[in-house]
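Q: Supplied in structure tokens, the structure appears directly below.
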Amino acid sequence: MFHELTIGGVLVSPFVVYAGAALAILLGLRPLLRLMRFERVFANPPLAEAGLYVCILALLIVLV
């Protein structure tokens, strides 16, 4: 069970921590996606990357 994170006396929601972790994972995956020519597969690569971010975020919420 994950409780709120306290930074300088301010409670930070677990969702904010998960969103930051998902962003870090996505930024780590970007070089791999570039090698796989991710942008050529989709008509709108930024939208596909946003969908991938949402999937990573959902996996973090469910699994952690």
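The values are calculated or read from the model by the stated rules, or taken from the named source; none is laboratory data. Just so we're clear, the structure is a prediction, and the values are computed from it rather than from any experiment. Every residue, glycine among them, receives a Cβ derived from its backbone with ideal geometry; neighbour counts consider all protein chains shown. Ligands, DNA and RNA are stripped out before the accessible areas are found, and what is left, the full protein with its side chains, is counted by its heavy atoms. Shrake-Rupley method; radii C 1.70, N 1.55, O 1.52, S 1.80 Å.
Q: Once phi is turned into θ = phi - 60°, what whole-Hz ³J(HN,Hα) does the Karplus curve with 6.51, -1.76 and 1.60 give for every residue of segment 29-46, x standing for Gly and Pro?
A: 7, 4, x, 5, 5, 5, 5, 7, 6, 4, 5, 7, 7, 10, 6, 10, x, x
Q: Also, quick follow-up: Of all the accessible heavy-atom surface of the chain, with the other protein chains kept in place and a 1.4 Å probe, what percent is carbon and sulfur?
A: Answer for the chain: carbon and sulfur cover 72 percent of the accessible area.
Q: In Å and from the alpha-carbon atoms only, list the Rg and Dmax of the chain.
A: When restricted to Cα atoms, the chain yields Rg and Dmax of 14.6, 46 Å.
Q: Ok, one more. Which FRET efficiency value, to the nearest 0.05, do you get for Val16 and Asn44 by plugging their Cβ-Cβ distance into 1/(1 + (r/R0)^6) with R0 = 25 Å?
A: 0.35
Q: Once fully extended, how much extra length lies between Leu27 and Val62, figured as 0.36 nm per residue of separation less the alpha-carbon to alpha-carbon distance?
A: 10.5 nm
Q: Might you work out the accessible area of Val64 for me, using a 1.4 Å probe with all protein chains in place, and round it to the nearest 10 Å²?
A: Accessible surface of Val64 is approximately 110 Å².
Q: Which loop chymotrypsin sites (Phe, Trp or Tyr not before Pro) in segment 31-61, with loop taken from DSSP, have no more than 13 other Cβ atoms within 10 angstrom of their Cβ?
A: Phe42
Q: Per residue, how much accessible surface does the chain expose to a 1.4 Å probe? Answer in Å², no decimals.
A: Details: 4930 Å² over 64 residues.
I get 77 Å² per residue for the chain.
Q: So what is the calculated 222 nm ellipticity per residue for the chain, using -39500 (n - 2.57) for each DSSP H run with n of 4 or more, over all residues, to the nearest 500 deg cm²/dmol?
A: Working: 3 runs with 45 residues, N = 64.
Calculated at 222 nm, the ellipticity per residue is -23000 deg cm²/dmol.
Q: I'd like the Karplus ³J(HN,Hα) series for segment 57-64: coefficients 6.51, -1.76, 1.60, θ = phi - 60°, whole numbers in Hz, and an x wherever there's a Gly or Pro.
A: Karplus values, whole Hz, x for Gly and Pro: 4, 5, 5, 5, 5, 6, 8, 9.
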